[in-house]
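> Before anything else, here's the structure in question.
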Amino acid sequence: MLVLLFVKYISDKYAGQTYAPIQVPEGSSFADMVALKGNSEIGDLINKKILRKLAEANGLSDMPDFNDSTKLGDGKEKIERLTNLIAIFENPALDFSKNRADGDDLLGGTSGDESRKRTKSSRLARRARSRKWSTVIRVLNFSAAAEDSSWSTRTPSRAAHSRIC
């Protein structure tokens, strides 16, 4: 699921930008992944058309296998599972295109020295990111609960939320 979140984030934030820190090659964005929903070859196409292009353009390695039948099931089960996972990240609340925080990493973390130097406006931006990640966590908990009844649908405690964000 983290790879899907990564693809969604970089697609929203960097797709179409010439001098972006992460290149999103044409045909390998989250929108291209959405177009694969319901396709009988969805796992193989995610590997070849999305992840391979992203990995080659950015020097990434160790990408997961979205065509692994032991983890994702076979046939219709795999198609449904991958289609549903992609649908989770289509949620409009997960639009990262307006994220304007400078120097942020995927989880919005900073070093201790940087956090001490933050101004009031930076703290407000951090709170906005925190609210966005709260939404991400709620969506992920909800989707996991839909697939596995042993997962809790509760939102994380404030302490757990602060460790994550």
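> Under the condition of being within 20 Å of ASP65 (Cβ to Cβ) and basic (Lys, Arg), which residue from the stretch 1-44 is nearest to the chain's Cα centre (by Cα)?
Among those that are within 20 Å of ASP65 (Cβ to Cβ) and basic (Lys, Arg), it is LYS8.
> Pairs, please: C-beta under 9 Å, at least 6 apart or cross-chain, first residue closer than 15 Å to ILE10 by Cα and polar (S, T, N, Q) and in the stretch 83-105, second part of a helix (DSSP H, G or I) and modelled with pLDDT under 80?
From the stretch 83-105, the pairs are ASN99/ALA128; ASN99/ARG129; ASN99/LYS132.
> Of all the residues that make up the stretch 59-115, how many are modelled with pLDDT under 90 and either part of a helix (DSSP H, G or I) or among the polar types (S, T, N, Q) (or both)?
13
> Please work out which one of (1) in contact (Cβ under 8 Å) with a residue 12 or more places away in the chain; (2) crowded, with 18+ Cβ neighbours inside 10 Å; (3) not small (Gly, Ala, Ser) is the condition LEU45 fails and give its number.
(1)
> Filter the stretch 59-88 for residues that are of a type in the set (S, T, N, Q) and over 13 Å from ILE42 (Cβ atoms) and give the result.
Applying the first criterion (of a type in the set (S, T, N, Q)) to the stretch 59-88 yields 61, 67, 69-70, 83-84.
Within the stretch 59-88, SER61, THR70 qualify.
The values are calculated or read from the model by the stated rules, or taken from the named source; none is laboratory data. From a predicted model like this one, the values you see are computed outputs, not experimental measurements. In this analysis, Cβ positions are derived from the backbone assuming ideal geometry, glycine residues included, and neighbour counts consider all displayed protein chains.
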